[in-house]
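Engineer: Before we start, here is the structure in question, set down as structure tokens.
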Amino acid sequence: MIRKFLQLIVFISISFTANAQYRSAWKDAYEKYKHGHSRQKTISPYSLTIRGGLTQFYGELGQQDMPAMYGVEVNRAFNKTLSLSLEYSMGKLGGQEVSFFNSYFINEYNAIELLAKWNLTEQFVPNNDGEFNINLYAGLGLMMFSANAFDIKTNNLLRFTNSKTSARNPLFLRWGKPHGKWGIKKTNERIIPIGASFDYKLFEKLIFGFDYHFYFVRSDKVDATSGMRLINPEEADSYSKSPNDKFSFLALSMTYKFSGNQKKRRR
């Protein structure tokens, strides 16, 4: 009985060893075939980022409402530390002020930005494995928006940025006679975005993270209010002596890295 049991163990051991050797040999052969006859995928310098989050406004009507925003971004990496991005975003800004204005506002905006991104982790951490990265942003952009301010109690429209008599202000000038067609639906203003992102590489081509962007707007009427005044902020009254408006967003992001050109490898 014991002899047969030992024979069975020896037989199983031999079979297992032979099977393992066979699988190893087959795997080696397959790898040689794959490297000799197939194409190898590489990671492209291009990637796509989508994000969604909440906005925050800083201005006369600065008591927060924090509505939502969404964005999509195309990225082009030049090396491990520097990349450029073209971003399009859309969303709403909101807020209120009771003591003086007794009003709240809603701003619907679209923005397009050109951003330069600096990877601090790759720059300053030796032998970084790339799983976690901290990035800084800066750039220039254009914000297209329409804002309305309403009475808090009655919801009546009090102030607005666009109407049938609205026209463009002179480019790069804060004051001056409006020009162009009347009845514009969106006000165009320059913006300077800065920000930071904290990214974690979950897979080789899929990255999740948090983004914080802060915007300096070349306008004081993002909240349909210009200075401590109750007048309508259109055309010549678009600007006041008070500081320009600002806003920001905090968002969750997902980045997908594309595959590069497939190159045929030789034996």
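The values are calculated or read from the model by the stated rules, or taken from the named source; none is laboratory data. These numbers come from a predicted model, not from an experiment. Cβ placement follows ideal geometry from the backbone for every residue including glycine, while neighbour counts extend to all protein chains displayed. Heavy atoms of the whole protein, side chains included, go into the accessibility calculation; ligands, DNA and RNA do not. Shrake-Rupley method; radii C 1.70, N 1.55, O 1.52, S 1.80 Å.
Engineer: Scanning segment 147-194 for residues that are under 29 Å from the mean Cα position of the chain (by Cα) and among the charged types (D, E, K, R), which turns out modelled with the highest pLDDT?
Structural biologist: Here the residue is R190.
Engineer: Ok, one more. What pairs come out if I take residues in segment 123-135 that are farther than 13 Å from G209 by Cβ and pair them with residues that are outside any strand (DSSP E or B) whose C-beta lies under 6 Å away, six or more apart or interchain?
Structural biologist: From segment 123-135, the pairs are Q123/T81; N128/T121; N128/E122.
Engineer: Select from segment 229-267 the residues that are open to solvent by 80 Å² or more (accessible area, probe 1.4 Å), of a type outside the set (K, R) and out of contact with any Leu (no Cβ under 9 Å at 6 or more places or on another chain) and write down the one among them that is modelled with the lowest pLDDT.
Structural biologist: Q262
Engineer: Moving on to the next point. Could you list all residues from segment 179-206 that are of a type in the set (S, T, N, Q) and either open to solvent by 70 Å² or more (accessible area, probe 1.4 Å) or more than 20 Å from L250 (Cβ to Cβ) (or both)?
Structural biologist: Across segment 179-206, the qualifying residues are T187, N188.
Engineer: Looking at segment 71-114, which of its residues are among the polar types (S, T, N, Q) and not in a strand (DSSP E or B)?
Structural biologist: N79, T81, S99, N102
Engineer: Let me ask you something else. Could you check how many residues of segment 97-120 are buried (at least 19 other Cβ atoms within 10 Å of the Cβ) and under 30 Å from R229 (Cα atoms)?
Structural biologist: 8
Engineer: Something else now. Residues that are open to solvent by 50 Å² or more (accessible area, probe 1.4 Å) and more than 27 Å from Y70 (Cβ to Cβ): does segment 207-228 have at least one?
Structural biologist: Looking through segment 207-228, at least one residue is open to solvent by 50 Å² or more (accessible area, probe 1.4 Å) and more than 27 Å from Y70 (Cβ to Cβ).
Engineer: Among the numbered conditions (1) more than 29 Å from the chain's Cα centre (by Cα); (2) modelled with pLDDT of 95 or more, tell me where G139 comes up short.
Structural biologist: (1)
Engineer: Now a separate question. Collect the residues in segment 121-162 that are assigned to a loop (DSSP other than H, G, I, E, B) and surrounded by fewer than 13 Cβ atoms within 10 Å (Cβ to Cβ), keeping them in residue-number order.
Structural biologist: P126, N127, D129, E131, K153, T154, N155, N156, listed by residue number.
Engineer: Okay, next question. For segment 77-95, name all the residues that are open to solvent by 30 Å² or more (accessible area, probe 1.4 Å) and either hydrophobic (A, V, I, L, M, F, W, C) or at pLDDT 95 or above (or both).
Structural biologist: Within segment 77-95, A77, F78, L82, L84, L86, Y88, M90, K92 meet the criteria.
Engineer: While we're on this one: Restricting to segment 64-121, count the residues that are under 14 Å from the mean Cα position of the chain (by Cα), among the charged types (D, E, K, R) and over 18 Å from I43 (Cβ atoms).
Structural biologist: The qualifying residues number 2.
Engineer: Tell me which residues, restricted to segment 184-226, are of a type in the set (A, V, I, L, M, F, W, C) and under 20 Å from F57 (Cα atoms).
Structural biologist: Correct list: I191, I192, I194, A196, F210, F214, F216, V217, V222, A224.
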